[in-house]
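The values are calculated or read from the model by the stated rules, or taken from the named source; none is laboratory data. What you see is a predicted model, and the numbers here were worked out from it, not measured in a lab. When we count neighbours, we look across all protein chains shown, and the Cβ atoms used for this are built from the backbone with ideal geometry, even at glycine. All accessible areas refer to the heavy atoms of the entire protein, side chains included, with ligands and DNA or RNA removed. Shrake-Rupley method; radii C 1.70, N 1.55, O 1.52, S 1.80 Å.
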Amino acid sequence: MTATTLTTGPRATAPVPAAARPGVGDTFALVGRSLRHSTRQLDTVLISVLLPVMLLLMFVYVFGGAIDSTGRYVDFVVPGIILLTSGYGAAGTAVDVATDATGGIVDRFRSMPIRPTGVLTGHVAASLAKNAISTALVIGVALLVGFRGDASAGAWVAALGLVALWVLALTWVAVAIGLVASGPEAASGFTFAILFLPYVSSAFVAPATMPAVLETIAGYNPVTPVTDTVRGLLLGMPVSTGTWVAALAWCVGILVVGRAAAALLFRRAT
Amino acid sequence: MTENVVVARGLRKAYGDLTVLDGVDLDVGRGEVLALLGPNGAGKTTTVRILSTLLRPDGGTASVAGHDVVHEPGAVRAAISLTGQYAAVDELLTGEENLRLMARLAHLPRTSIRARVAELLTLFDLEDAARRVVKTYSGGMRRRLDLAAGLLARPQVVFLDEPTTGLDPRSRNGLWDVIRGVVADGATVLLTTQYLEEADRLAGTVAVIDHGRVIARGTPAELKQTVGSAHVELAVAGGGVERIATDGSVPDVRRILADVERRGIAVDRWAVRTPTLDDVFLELTGSAPDTPAVGQTRDSAPDADVDPSPVLVTTREPR
Ligand SMILES: Nc1ncnc2c1ncn2[C@@H]1O[C@H](COP(=O)(O)OP(=O)(O)OP(=O)(O)O)[C@@H](O)[C@H]1O
Ligand SMILES: [Mg+2]
């Protein structure tokens with residue numbers, strides 16, 4: 001430390017200047033921060049992108065023949081893999097949030113003239129952006145290995161919109177998990193629930209082929225109606241009203257509960 | 001002018017059965033440095049967290065820069081900065097990115113951010129590490145970055161919770177200079193410390209806090225007076241310490257030493273000791289502050305030339 005003066009420039013004085021009020025600029029800055037984090041943890045990001053791609057290849061080439069001998073298993077499984085990808089993307093957010101919450105940085109943010117939950121919004125927006133990239137990659141690989149993908153543009157938009165809503169809902173749940181967890185490791189452990197959900201659903205095999213207990217669970221698993229809706233849209237098959245309404249209701253319900261829990265936990269934890 | 005920028009009245013806080021703050025009153029005038037001095041667990045951090053809107057008090061009121069900390073937290077936050085006891089920096093960003101982010105969140109004008117960040121990196125000796133990820137920083141570097149982040153936006157009121165903990169003597173002196181600069185610029189500083197020397201050097205007012213109450217308050221000189229005057233301290237050969245009151249002047253000390261010699265007392269070492277905040281602290285709280293802190297500040301402070309006490313020969317009193 002060399003100089004002793006810090007004496008230039010105007011000082012903020014009461015009343016509060018306009019520039020001191022919370023604004024969207026804060027959220028942009030915090031989204032930028034979270035995205036930058038991803039570039040500093042490329043290994044983590046790569047795993048969350050490459051794992052679904054590997055699973056896609058494994059399901060198509062290793063299990064595909066056994067599960068569905070018609071050879072069109074790739075069409076069946078790709079929507080499931082897309083939702084699995086969402087899980088991996090969202091799960092990382094729990095770790096990021098737990099890291100922030102256990103370090104002192106949230107205190108610093110909270111002592112600044114910004115919306116306190118802005119730091120959470122930053123992580124959520126970054127999760128959406130990361131998921132957009134990994135989902136695009138998975139779809140690209142899916143098309144390469146023979147996924148039909150000849151649905152109408154409108155159907156694609158609807159399907160991807162639903163996936164985005166699903167990602168948003170899962171991410172808020174992940175934020176809540178990150179706030180409950182005692183640290184990043186614990187948060188990472190808790191997210192297994194999110195990652196495990198697709199396996200007992202219609203994502204990879206038709207629930208009708210499962211043992212009765214699992215079939216019942218799959219029937220109540222939110223992943224099932226979401227997958228069925230996305231699958232129907234992408235393959236040009238009819239989607240029953242009950243299915244897509246259930247899918248939307250689950251997404252919105254999880255989103256609302258996850259968000260509320262996150263807000264509550266954030267206020268309590270800090 | 002004695003307009004109070006920080007006012008606390010009867011702050012109370014308890015965690016379950018544990019009363020942490022038991023009616024804390026504080027006043028910090030504009031442009032003043034107040035040091036909150038107290039042993040571990042006294043309630044320093046709790047007080048700072050309440051004043052910086054991070055914690056709601058169970059009772060009492062506090063206002064900072066004219067705004068109530070409970071009812072107008074937004075206005076308070078716009079006027080303050082907090083550097084907490086533990087470094088609050090982003091490990092995954094570089095030092096420069098950290099400061100940029102904080103500058104944006106503090107709503108510095110976009111056009112001035114670059115220059116301001118560069119200025120603080122220089123001020124805190126971090127230019128060389130500016131483009132390195134904070135994860136690779138040493139503890140002291142992290143702390144300096146943390147402090148830089150707190151001073152970016154030229155806040156009216158600066159809260160520093162144990163700002164020099166973990167800094168080497170050179171960085172500590174540098175920080176003291178920076179704090180003096182901030183104050184010269186008109187800011188008000190409330191810092192907590194266990195380093196008595198730090199309170200002595202920096203603070204116009206010291207508030208001693210113990211068991212959640214402010215038990216003494218005054219200028220460092222006033223506090224020292226409460227524990228008595230200067231004395232000549234003699235380490236008598238064969239053991240034992242003798243103290244003889246003095247006004248510290250050369251003739252008086254010479255008279256005392258001549259007297260000692262005339263009486264044929266063999267003395268190993270001698271020193272003129274003026275009361276220190278150590279003595280005040282001991283007297284008031286009945287316990288020594290962290291001994292490493294005392295040892296460090298006493299022994300290794302390189303700028304002993306600014307020591308205000310009229311000590312002729314310095315020896316450390318054995319504890
Ligand atoms: N969240 C909490 N839950 C329970 N007790 C707490 C909590 N935070 C602080 N305390 C207790 O409050 C007391 C005062 O804590 P505080 O952090 O204010 O002390 P301090 O003066 O800053 O001490 P130090 O010099 O060690 O930093 C301590 O006994 C501490 O254990
Ligand atoms: Mg403390």
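Descriptive notes on the structure:
- Restricting attention to the range B:3-18, the residues that are of a type outside the set (G, A, S), within 16 Å of ligand 1 (Cβ to nearest atom) and farther than 12 Å from B:P57 by Cβ add up to 3.
- The requirement of being within 18 Å of A:V119 (Cβ to Cβ), touching a residue at least 60 places away in the same chain (Cβ under 8 Å) and either part of a loop (DSSP other than H, G, I, E, B) or facing chain A (nearest Cβ under 10 Å) (or both) is satisfied by B:A149.
- Boolean, B:V183 is part of a strand (DSSP E or B) and either within 22 Å of B:L121 (Cβ to Cβ) or away from chain A (no Cβ under 12 Å) (or both): no
- Residue identified as away from ligand 2 (no atom under 16 Å from the Cβ) and either within 14 Å of another protein chain (Cβ to nearest Cβ) or buried (at least 22 other Cβ atoms within 10 Å of the Cβ) (or both) among B:A207, B:A203, B:A199: B:A203
- Of all residues making up the range B:211-262, the number that are under 30 Å from B:V7 (Cα atoms), part of a strand (DSSP E or B) and open to solvent by less than 50 Å² (accessible area, probe 1.4 Å): 3
- Among residues of the range B:163-195, those that are out of contact with any Leu (no Cβ under 8 Å at 6 or more places or on another chain) and within 16 Å of ligand 2 (Cβ to nearest atom), counted: 3
- Residue match in the range B:156-172 (condition: farther than 23 Å from B:D200 by Cβ and either outside any helix (DSSP H, G or I) or within 10 Å of chain A (Cβ to nearest Cβ) (or both)): yes
- Unique match (being within 20 Å of the chain's Cα centre (by Cα), open to solvent by 10 Å² or more (accessible area, probe 1.4 Å) and assigned by TED's automatic domain parsing to the domain that holds B:A78) among B:R142, B:R172, B:R131: B:R142
- Filtered by the rule that a residue be more than 16 Å from ligand 2 (Cβ to nearest atom) and open to solvent by less than 20 Å² (accessible area, probe 1.4 Å), the range B:79-100 gives B:A79, B:I80, B:S81, B:V89, B:D90, B:L93, B:T94, B:G95, B:N98, B:L99.
- Test: residue in the range A:12-23 that is in a helix (DSSP H, G or I), at pLDDT below 80, more than 7 Å from chain B (Cβ to nearest Cβ) and out of contact with any Cys (no Cβ under 9 Å at 6 or more places or on another chain): yes
- Apart from one condition, A:R108 fits all of (1) among the charged types (D, E, K, R); (2) touching a residue at least 60 places away in the same chain (Cβ under 8 Å); (3) open to solvent by less than 40 Å² (accessible area, probe 1.4 Å); the exception is (2).
- Counted residues, the range B:201-210 - those being part of a strand (DSSP E or B) and either within 15 Å of the chain's Cα centre (by Cα) or not assigned by TED's automatic domain parsing to the domain that holds B:K13 (or both): 5
- The residues of the range A:137-151 that are modelled with pLDDT of 90 or more and either open to solvent by 60 Å² or more (accessible area, probe 1.4 Å) or touching a strand residue (DSSP E or B) at 6+ places or on another chain (Cβ under 7 Å) (or both), listed by number, are A:L137, A:L143, A:L144.
- Some residue of the range B:147-164 being within 16 Å of ligand 1 (Cβ to nearest atom) and surrounded by fewer than 24 Cβ atoms within 10 Å (Cβ to Cβ): yes
- Residue ID - farthest from the other protein chains (Cβ to nearest Cβ), chosen from residues in the range B:61-95 that are within 14 Å of B:G150 (Cα to Cα) and not in a loop (DSSP other than H, G, I, E, B): B:G95
- B:N40 falls short on exactly one of the conditions (1) free of Cβ contacts under 8 Å to residues at least 40 places away in the same chain; (2) within 16 Å of ligand 1 (Cβ to nearest atom); (3) open to solvent by 40 Å² or more (accessible area, probe 1.4 Å), and that condition is (1).
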